[in-house]
Structures are given as structure tokens and as C-alpha cells.
Amino acid sequence: MLELELQREEPADHRCFGVLTVAGHYECETLEDPPREVKIPGMTGIPAGRYRISLEDSPRFGPNTITVNDVPGFTHIRIHAGNTANDTDGCPLVGQERTETTIIRSRQALAHLKPKIQKGLEDGEVWLTIKNAALSPASPSTAS
């Protein structure tokens with residue numbers, strides 16, 4: 001079984017960066033729409049949780065598209081190439097680097113990730129765990 005983990009940072013300015021690891025090792029940067037309490041179609045990151053990954057044919061992204069399965073309230077969630085929050089459509093994007101607002105070298109990151117997932121599926125199952133940023137503790141009260 002192959003385990004992927006996406007550790008999200010705090011969302012900012014209608015986007016949410018993160019880091020993807022594969023089997024505990026850094027793989028790439030991610031960019032998503034922020035997760036929300038109330039879903040806005042095409043503009044909401046999927047809920048934190050653990051999801052089975054498959055490779056499926058996608059009319060939009062082509063054959064062997066990395067697909068996140070069984071996400072409550074969401075369908076057709078793909079891990080794909082793109083550079084800005086406008087490209088996510090509710091899906092995680094991958095990139096080799098990031099700027100303040102974008103990820104870059106997305107196609108290269110995807111080309112590096114996909115064979116690992118293919119091998120993981122040949123050997124058994126592939127799972128993705130998504131974790132939201134840990135909230136910083138509230139500042140101590142100064143009231144007496």
C-alpha cells in the first residue's frame with residue numbers, strides 16, 4: 001500500500017497551499033481552493049480525510065488521470081496540472097515550486113508523481129490523507 005499525505009497551510013486570498021509527501025518523503029507543492037464549511041461548487045477544497053486514489057480516464061485531463069475517490073459531496077476530483085487558484089476547480093494542483101500566488105512547473109510535478117501512483121496501484125492500493133493546517137493556539141489573555 002502506498003500512502004500520500006497532503007498537509008495544507010492556512011488558506012489565504014482564495015487559495016490554499018500545501019505540501020504533498022509520498023511514503024513520508026517530500027514530493028511537491030500543492031495549491032487548492034480553500035476548504036469551506038459550506039461548499040461552493042468548483043471553489044471549495046475537499047474536506048480533510050483519507051481517500052482512495054485511482055487512475056481513471058477523464059474527458060478533460062485524458063487517460064490515467066489521478067482521481068480522488070469517495071469524497072463526500074464531491075465528484076470528479078482529480079489531481080492535475082495548473083498554476084493558479086482559478087485552475088483548481090475544487091481539485092488539488094501539484095507543482096515543483098511556488099510563488100506568493102501560484103505554483104510552477106506543474107506538468108513536471110505531475111509527470112514525476114504519476115509513475116509512483118501507477119507503481120503503488122500495481123502493488124496494491126494508494127491512499128491520500130489530507131490534513132488541514134493546525135490552528136495556532138489562542139494568545140494568552142492579558143486580562144486580570
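Read the figures in this text as sums done on the coordinates, not as results from a lab. Remember, it's a predicted structure, so these values are computed and weren't measured experimentally. Because the Cβ atoms are built from the backbone with ideal geometry, glycine has one as well, and the counts that use them run over all protein chains shown.
Only Lys, Arg, Asp and Glu carry charge here, each on its Cβ (+1 for the first two, -1 for the last two); on that basis the chain has a dipole of about 100 debye about its Cα centre. Relative to the longest principal axis of the Cα atoms of the chain, the long axis of helix 106-123 lies at roughly 70 degrees. The stretch between Ala134 and Thr84 holds 15.6 nm of extra length on full extension. This uses 0.36 nm per residue minus the Cα-Cα distance. Relative contact order, whole percent, for region 2-131 stands at 29, derived from Cα pairs under 8 Å and 6 or more residues apart.
Between Glu125 and Glu100, take the C-beta separation as r, use R0 = 35 Å, and let me know the FRET efficiency to the nearest 0.05. Write down the numbers at each step before the final one.
On the way: r = 36 Å, r/R0 = 1.04.
The pair Glu125/Glu100 has a calculated efficiency of 0.45.
Which label marks the calculated value of Cα Rg over 2.2 N^0.38 Å, given the options [x] 1.01; [y] 1.15; [z] 1.08? Step by step, Cα Rg over 2.2 N^0.38 Å for this structure corresponds to label [z]. Subtracting the Cα-Cα distance from 0.36 nm times the residue separation, let me have the gained length for Gln108 to His25 in nm, one decimal. Extra length available between Gln108 and His25 comes to 28.1 nm.
Counting other Cβ atoms within 10 Å of each Cβ, which GluC sites (Glu not before Pro) in region 35-126 have at most 11 and sit in a DSSP loop? If you can, show how the numbers build up before the last one.
On the way: sites: Glu37, Glu56, Glu97, Glu100, Glu122, Glu125; in loops: Glu37, Glu100, Glu125.
Sparse-neighbourhood loop GluC sites (Glu not before Pro): Glu37, Glu100.
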